[in-house]
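Asker: Please find one structure pasted underneath; my questions will follow.
The values are calculated or read from the model by the stated rules, or taken from the named source; none is laboratory data. Note that this is a predicted model, so its numbers are computed, not measured. In this analysis, Cβ positions are derived from the backbone assuming ideal geometry, glycine residues included, and neighbour counts consider all displayed protein chains. Side chains are part of the model used for accessible areas, which takes the heavy atoms of the whole protein and leaves out ligands, DNA and RNA. Shrake-Rupley method; radii C 1.70, N 1.55, O 1.52, S 1.80 Å.
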Amino acid sequence: MNTTSNASKHIDGFEDTVKDFWVSRPRRPRHGRKLAGVAAGVSNRYGVDPAVVRVAFVVLTVFGGIGLPLYLLGWLLFAEEGDETSGAESLVGRGRSSMSKGFALLLCVVLVPLSGWAFAGSWIDGGAFIGLALVVAGVYLLHRGRGHARRPEPTGFTAGYSSAIGSAEQGAWGAPVIQAPAEWDALGADPQGWRMAGAAEPAPPPPTEPSPPPRRKSKIGFATLGVALAVGGVGAALAVGGEPWFTPTHVVGLVLAVLGAGMVAGSFLGGGRGLLWLAVPLSLLGLAVGTFPTEDFRGGFGNLHATPSSAEQVLPRYDRTAGDIRLDLTELSGTAPVETSLHNGAGSITVLVPRDADVTYTCEASLGNVDCLGREGAGLNTPAIRGVDTGTAGTGGLDITLTARAGAGNVEVLRD
């Protein structure tokens, strides 16, 4: 059941291409796979380096969330080598599959919330829809260009469909139809000798596709690694320097783009497969960085302590990438209103305000504890704490408006 054919048939239009893809969809191999064999099956079907397919799934998962649902869908719809049909078709009684019906049902149950999470939103707005559109376009173009070669035998009811409407030698969409063996003759005569003159001779089997010669390894991996390190270093320097676009998320994305381009080039030139071991953890790092609002946190590293004595000396914004921020407003003089915000990527924020000041505050920590004039919160992505506190003397004191936001660290607003 795992043999392939190079038989081909001219395909016209989008509908024919979709039908032909379904009839000749990839099979999941039993050997050479990492998990379920979806990426290896696509690689074997279209002659693409499996590392490129695996990286595509990882990138689609990190940048949009659609990669994991697509992998589970391939697990359900692609039959394993040696099976009559896929797990999803077996679940509805279309044939036999080595995947149990209970496990196929479990994959269907898991697929629903994962798809909802992917399309509900991610750290890149609309990433799931963009990723799905790219996958559909890529598979369509790939099947149009390489769908005629390396065709697996049809599975399940697809095989019967091909045999019913195909010709004597070739099934629908170019899939081969297995001919019945010649009947046994009791006289021991050659069955071919009973053919009448003029009878059509059987078509010769299609020639097998010669295996391509081994390609010489290139140095594309080392070159890509060097470019990726240079891009990451320059991007990190610009991010620390305060360039608005070069956030940690964008820097990770740039490095991943360089690694992805190197692996795609390596699939044609030979080499670059080792870059996968860097791309996978970097993708996970990008997912973690995207979870926290680090795009608002810049200003360098180290502690920042300030004790302004007038409203004019209070900066509109205090920033740190990593370090502690301590702002002491107890020395303020005058009655001019004060408004400022404090942002810290990794580290604590402490603000001291006068006892009789009227403070309007917003305090938030993605990971850490919050103590804002007696109101407390703790945990991961705790909702922002907002409120107004008039102090010990009631309204009429110095008017202070504060916004304190930390990525990973504690936030405190205290009276002194």
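Asker: With all protein chains present and a 1.4 Å probe, how do Trp75, Trp117 order by accessible area, largest first?
Answerer: Trp117, Trp75
Asker: Also, I was wondering about something else. Could you tally the net charge around Gly391, taking each other residue with its Cβ under 12 Å from the Cβ of Gly391, Lys/Arg +1 and Asp/Glu -1?
Answerer: -3
Asker: Which shape class, rounded, prolate or oblate, goes with region 325-383 when its Cα gyration tensor gives a ≥ b ≥ c as root eigenvalues, a/c under 1.5 marks rounded, and past that a/b bigger than b/c marks prolate?
Answerer: The shape class here is prolate.
Asker: How much of the DSSP bridge set in region 343-416 is antiparallel, in percent, rounded to the nearest 5?
Answerer: 35
Asker: Amide H of Gly345: which non-local residues (sequence gap of 5 or more, or other chain) have their own amide H closer than 5 Å, using H built in the peptide plane?
Answerer: Under 5 Å from the amide H of Gly345: Arg320, Thr321, Ala322, Gly407.
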